[in-house]
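Asks: Got a structure for you, written out below as C-alpha cells; questions coming shortly.
The values are calculated or read from the model by the stated rules, or taken from the named source; none is laboratory data. This is a predicted model, so every value here is computed, not measured. Ideal geometry is used to build each Cβ from the backbone, glycine not excepted, and the neighbour counts take in all protein chains shown. Note: areas computed on protein heavy atoms with side chains; ligands, DNA, RNA excluded. Shrake-Rupley method; radii C 1.70, N 1.55, O 1.52, S 1.80 Å.
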Amino acid sequence: MAAKFVLIGSGLAGGLLAAYLGRRGHEVDLYERRADPREGNLVGGRSINLALSTRGIHALEQLGIADEVLMHAIPMRGRMIHPAGSGANTIFAPYDVDPNKHINSIGRAALNTTVIEAAQRYPTVRVHFNHRCTDVEIDSATAHLVDSSVQAGVSPANVIHARGDAVIGVDGAFSAVRSSMQRRLVDFEYDESYLPHGYKELTIPPGPNGAWQMEKEALHIWPRKSFMMIALPNPDGSFTCTLFWEFEGPRSFASTKTDADVHCFFEEEFSDAVPLMPKLLEEFRTNPTGSLVTVRCAPWFYKDKLALVGDAAHAVVPFYGQGMNAAFEDCVVLDQCLAEFPQDRQRAFAEYFSRRKENADALADLAVENFIEMRDKTASRTFRAKKKLDHLLEAALPGIYLPLYTMVTFTRIPYAQAARRARLQDRIVYGSFAVLILALVVALLRALR
C-alpha cells in the first residue's frame, strides 16, 4: 500500500532512500537544510572523500545507477604507505589477494547529485532545499521546518509543517529527527563518544596537464603512531588529504598556532608531501577542524510514524570507509522490510531495526579499531607480514578463509558476522601456530636426548 513519507536530509542516503521509496510508488517529500549541491553549494573543508565499496555498489545497482556513479570514481587497489623519514621509500600493500578487488574514491558532490537526480526520476518524489527541520511531532508524523530561501529568521511566513504517514530522519550524526525522539521518548537510549582527534582537510593539486603527483590507484597513508594523514585521488588529478591529529597536547591542533609551527610540523612528519601542497598554510588556517563522533541509539523507530537511517541512527568514524556504505545498506534493508510487510509499517520498521542494530554496533567498533591499525600498525613489518599471511591463507583456502577487511569491504556478509568469523579464524590460525611450535620444540628436545 502506497504511503506518504517525509524524509529529512537529502544527503547521500536521503537521496538514495527517496529513490527506493519512489520506485515503489510511495509519495515522498524530501527536505534538506542546505542549498542544492548541483549548484556548487557544498561546504569546503569537511568532505572526507568517500570510499565506495561492495555494499554501497549493491545498493546503487538495485536502482540501476551504479555504472553512472562509477564513471566518476577512481579505483584504489591498496594502501600506499609513506613511512617516517625523508629518505624512506613508499610501500604498497594491496587490499586483497585478488588484484581486481578495489575500493573506489569518489567525491561527495558527484555522488550526491546522482542519487538526488535518481530520486527525481520518480514522479511521486519532490525535493525541497533550504528547509531546516526544527522539530518533529512523533505521534502525528509532522515535521516543522524553516524555509531559509524566503527570509532570514523564523516567522509564520517561512515555517512549513510537513505531515506524512511517516517521517524518516536521514539527517546525519546531529539529527534533528533523532533529537525529537530523545525529547519525547522516556525509554530512548542514546550515547555519543568523541575521539580525542579532530580532522582537517587539505589538498594536493594536480601536476602539469592535470597529472597525478603520486600513485593514482591507491589510498595514501602517512602513519605516525598517534596520528596520521591520508590522501585519496580525485578525477581532476588532485588528492584530498585529511590530517587526523589530537585536539590537545604538546603536538596537536591546539599547540600549533603559527604558520612557522605548521610548516615545521609538516616538514618533520610529512616531508615528501610538503612540496606537493602549495596552499598548505592557507588551507590549514582557513579550513575548519572537524570532530569524529560515534553515535549509538535505540530504538531507531517509533510505532509506524518515525524511523532513523544512516548516521542519524549510527554515526561511525570514517576509518573503515564504511559509513556511507552502511547507510546505503540501511536503505536496501528498509526497502526490503517495507516490501515484506506492506500492510504493517510498524513491523517493517521494527524488523529493519532488528536486522541492522547489531551490525551497526559492530561496525562502530571496527571503525575505531581500524584507526589504531592505520595510524599505528601499517608501517610495521609484523603487521605487513600478517597481511601477507592473510592473503596466502585466502588463496590456499578459497571461500573458507576470508580476512576481516575482505569480508567488510568486498562482501555483503553482515558486519557482526564478519567480526565473529574473523575472531574465530584468528583463534584457529594462532592456535595452529602454537601447536606447531610446541610440536617442533618437543621434537627438538627428543632429538637432543
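Asks: Yes or no: VAL317 closer than 24 Å to ALA66 by Cβ and crowded, with 18+ Cβ neighbours inside 10 Å?
Replies: Judged against the criteria, VAL317 is not a match.
Asks: Tell me, please, whether a residue that is open to solvent by less than 40 Å² (accessible area, probe 1.4 Å) and under 25 Å from HIS314 (Cβ atoms) can be found in region 153-164.
Replies: Yes, region 153-164 has at least one match.
Asks: Next up: Hey, among the residues in region 232-263 that are among the charged types (D, E, K, R) and outside any strand (DSSP E or B), which one's nearest to the chain's Cα centre (by Cα)?
Replies: Restricting to residues being among the charged types (D, E, K, R) and outside any strand (DSSP E or B), the top hit is ASP236.
Asks: Where the second residue is at pLDDT 95 or above and of a type in the set (Val, Ile, Thr) and the first is farther than 12 Å from HIS58 by Cβ and open to solvent by less than 10 Å² (accessible area, probe 1.4 Å) and lies in region 407-419, which pairs have Cβ atoms under 7 Å and are six or more apart or on separate chains?
Replies: Note: pairs meeting the criteria are MET407/ILE413; THR409/THR54; THR409/ILE103; TYR415/VAL408; ALA418/VAL408.
Yes or no, residue by residue, for (1) in contact with a helix residue (DSSP H, G or I) (Cβ under 7 Å, 6 or more places away or on another chain); (2) among the small types (Gly, Ala, Ser); (3) over 21 Å from ASP96 (Cα atoms):
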| residue | (1), (2), (3) |
| --- | --- |
| LEU397 | no, no, no |
| TYR405 | no, no, no |
| PHE410 | yes, no, no |
| ALA419 | yes, yes, no |
| ASP426 | no, no, no |
| ALA434 | no, yes, yes |
| LEU438 | no, no, yes |
| VAL442 | no, no, yes |
| ARG446 | no, no, yes |
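Asks: Does at least one position in region 186-200 carry a residue that is among the basic types (Lys, Arg) and either in contact with a Gly (Cβ under 6 Å, 6 or more places away or on another chain) or surrounded by fewer than 19 Cβ atoms within 10 Å (Cβ to Cβ) (or both)?
Replies: Within region 186-200 (the criterion being among the basic types (Lys, Arg) and either in contact with a Gly (Cβ under 6 Å, 6 or more places away or on another chain) or surrounded by fewer than 19 Cβ atoms within 10 Å (Cβ to Cβ) (or both)), the answer is no, since none of the residues qualifies.
Asks: Another question, then. Restricting attention to region 429-439, which residues are open to solvent by 100 Å² or more (accessible area, probe 1.4 Å) and within 29 Å of ASN359 (Cβ to Cβ)?
Replies: TYR430
Asks: Taking the options PHE328, PHE266, name whichever one is assigned to a helix (DSSP H, G or I), under 27 Å from MET407 (Cα atoms) and open to solvent by less than 10 Å² (accessible area, probe 1.4 Å).
Replies: PHE328
Asks: Could you tell me whether region 117-129 includes any residue that is closer than 26 Å to GLY22 by Cβ, among the aliphatic types (A, V, I, L, M) and in a loop (DSSP other than H, G, I, E, B)?
Replies: no
Asks: When you go through (1) assigned to a strand (DSSP E or B); (2) more than 21 Å from ARG412 (Cβ to Cβ); (3) not hydrophobic (A, V, I, L, M, F, W, C) one by one for ASN104, which number turns out not to apply?
Replies: Result: ASN104 fails condition (2) only.
Asks: Please go through region 96-111 and pick out each residue that is open to solvent by less than 30 Å² (accessible area, probe 1.4 Å) and among the charged types (D, E, K, R).
Replies: Within region 96-111, just ASP96 meets the criteria.
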